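**Q** Have a look at this one.
The values are calculated or read from the model by the stated rules, or taken from the named source; none is laboratory data. Here the structure is a predicted model, which means the values were calculated and not measured. Virtual Cβ from ideal backbone geometry, glycine too; neighbours counted across all protein chains shown. All accessible areas refer to the heavy atoms of the entire protein, side chains included, with ligands and DNA or RNA removed. Shrake-Rupley method; radii C 1.70, N 1.55, O 1.52, S 1.80 Å.
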Amino acid sequence: NLGDILSTNADPDGLALVELDERLGETRYTFGEIDALADAVARGLLRRGVRRGERVAVLSANNARFLATMLGAQRAGIVLVPVNYRFPRSLSDFVIGDSGSVLVFTDAARRSQAPAGLPVVVFDGEGEESFDALLDPGPFEPVEPAPGEPAMFMYTSGSTGKPKGVVLSHQSHLWVVRTRLGGQEHPDRRYLIAAPMYHMNAL
């Protein structure tokens with residue numbers, strides 16, 4: 001399961017992610033914290049009635065909760081649809097509708113871009129729409145994907161027409177990860193992700 005990609009050899013207290021936010025400053029997450037957050041997302045999505053194979057869209061700038069949502073959705077067999085928030089509203093609406101997404105994750109800055117008629121979870125929101133309200137903390141056993149089972153729908157840029165959804169399986173992207181990491185040592189390195197996570201290169 002691509003959502004369970006965190007190394008079982010990783011120190012749960014080891015630094016996994018440093019999130020930089022213009023308003024909130026620096027927030028650090030350990031491997032254990034990201035793992036627990038992903039489990040809470042998986043449980044929360046299922047509690048809300050999202051079923052295996054259904055799609056959830058993410059229309060948001062990069063943040064740690066975006067990452068946890070990706071991992072958590074995939075653990076539950078739910079398909080992630082990252083959406084280019086720089087698209088005109090009509091195009092982002094098209095992508096979300098075309099994908100068949102049943103729920104939209106967003107951030108407060110892009111809440112108004114979410115299409116009407118779909119439930120919304122706001123990463124940095126409050127109340128019933130908030131990310132914290134979705135979470136259901138506790139352990140979660142990731143589903144075992146069938147051969148070719150989708151993990152993500154990534155949409156093309158639309159330079160030759162409307163964006164087209166590309167179906168990416170758990171197995172194909174596990175292969176990508178293992179190939180890119182093979183033979184490399186990473187314990188003392190940090191990587192800056194300056195590209196948006198709706199783009200394949202950032203992911």
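**Q** Could you check the stretch 180-203 and list, in sequence order, the residues that are hydrophobic (A, V, I, L, M, F, W, C) and exposed (fewer than 10 other Cβ atoms within 10 Å of the Cβ)?
**A** Leu192, Ala194
**Q** Another one. Limited to the stretch 184-198, what total is found for residues that are under 15 Å from the mean Cα position of the chain (by Cα) and without any contact (Cβ under 8 Å) to a residue 40 or more places away in the chain?
**A** Total meeting the criteria: 1.
**Q** Give all pairs with beta carbons closer than 6 Å in which a residue from the stretch 118-144 that is more than 14 Å from Arg48 (Cβ to Cβ) meets a residue that is part of a loop (DSSP other than H, G, I, E, B) and among the acidic types (Asp, Glu); count only pairs at least 6 apart in sequence or on separate chains.
**A** Correct list of pairs: Phe123/Asp107; Asp124/Asp107.
**Q** Here is a further query. So Val18 clears everything in (1) open to solvent by 70 Å² or more (accessible area, probe 1.4 Å); (2) part of a strand (DSSP E or B) except one condition, right? Which one?
**A** Just one mismatch for Val18, condition (1).
**Q** I would also like to ask the following. Name the one entry in Val79, Val56 that is touching a Ser or Thr at 6+ places or on another chain (Cβ under 7 Å) and under 17 Å from Ser169 (Cα atoms).
**A** Testing whether each residue is touching a Ser or Thr at 6+ places or on another chain (Cβ under 7 Å) and under 17 Å from Ser169 (Cα atoms) leaves just Val56.
**Q** Right, something else. Of everything in the stretch 21-54, what is open to solvent by less than 60 Å² (accessible area, probe 1.4 Å) and either without any contact (Cβ under 8 Å) to a residue 24 or more places away in the chain or part of a strand (DSSP E or B) (or both)? Give them in sequence order.
**A** Hits for the stretch 21-54 are Asp21, Gly25, Thr27, Tyr29, Thr30, Gly32, Gly49.
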